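Read the figures in this text as sums done on the coordinates, not as results from a lab. Quick caveat: nothing in here was measured; it's all calculated off a predicted structure. FYI the Cβ positions are ideal-geometry reconstructions off the backbone, even for glycines, and counts take in every protein chain you see.
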Amino acid sequence: ATRQPLLAVRNLEAWYGESHVLHGVNFNVFPGEVVTLLGRNGAGKTTTLKSVMGILTKRKGSVVFQGKELMHAPARYIAREGIAFCPEERGIFSSLSVEENLMLPPQVKPGGMSVEQIFDLFPNLKERLNSQGTKLSGGEQQMLAIGRILRTGAKMLLLDEPTEGLAPVIIQHIGRTIAQLKNEGFTIVLVEQNFRFASTVADRHYVVDQGRVVDEIANADIEANLEKLHAYLGV
Ligand code: ATP
């Protein structure tokens, strides 16, 4: 039998008002994979995640998750189907404690992680249980933002540049966490500009440029494609 993708995005187009920014994005994500969307600033990576989630509503094309077409579904329905989005800006509430921030998203599906399980994944967060969001380092905020979406019970995680602005040692921790989540059966779409980091965690990469997926690279082939990647990423 042929393997069915968990998520299939076809000819996805999206607009901000009159501004047409996605011009036909195509990619598949198979169960248990970590797939990245690589591309330079403004290529359309974040917009792709927001369109898949239904946060950006002016869109067309097809987004099929677990065999269901989600293109006309509202964001809350898409979340309930089991996709969770961790935005680049993290969305930590500064006046709330770590524990309160973790409790914010409802468990929308059975099987969401308990707060204890999230603390097992991120022991530093446990030490900061009662700290306010504002008192956390960038790395701790990122861990909290990822931990929080694990409560929802979603099995597909969309992570928008989790390494942005973080120190190398924290980036390594995020990388180990992603590997651990993959081992536990999560399927992950990771938006990255840092392909060095991406290559340590991903199975496959899609290159996004000017609102389209322009290339697909297996992680094993990344070294052979360095020149091309440099050109796409402008590094
Ligand atoms: P980045 O790493 O900067 O987030 P990206 O690849 O995720 O890059 P997008 O954020 O998806 O890129 O942006 C794609 C295009 O849409 C860019 O031209 C950007 O200027 C434009 N854009 C993004 N957000 C908005 C918005 N809220 N309103 C209007 N245009 C936007």
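Observations, loosely collected:
- Compared with the dominant principal axis of the Cα atoms in the chain, helix 138-150 is inclined by about 80°.
- Anchor K135: aspartates and glutamates whose Cα lies under 20 Å away (excluding residues fewer than 8 positions away in-chain): E88, E89, E99, E100, E127, E164
- Selection of chymotrypsin sites (Phe, Trp or Tyr not before Pro), segment 51-148, meeting DSSP coil and at most 16 other Cβ within 10 Å: F93
- Which listed pairs, of K155/K182; K58/K109; K45/K109; K126/K182, have C-alpha distances above 19 Å, in listed order: K58/K109; K45/K109; K126/K182
- Listed by Cβ neighbour count within 10 Å, with the fewest neighbours leading, V169, V25 appear as V169, V25.
- Ratio Rg/Rh, restricted to the chain and using Cα atoms, in which Rh is the Kirkwood radius: 0.95
- Once the GluC sites (Glu not before Pro) in DSSP loops with at most 13 neighbouring Cβ atoms within 10 Å are cut out of the chain, the longest remaining piece is 90-183.
- Each of H20, T47, T2 was scored by the projection of its Cα onto the charge dipole of segment 1-51, and the greatest displacement toward the positive side belongs to T2; charges sit on the C-beta of Lys, Arg, Asp and Glu.
- With K and R counted +1 and D and E -1, the other residues having a Cβ less than 14 Å from that of I171 yield a net charge of -2.
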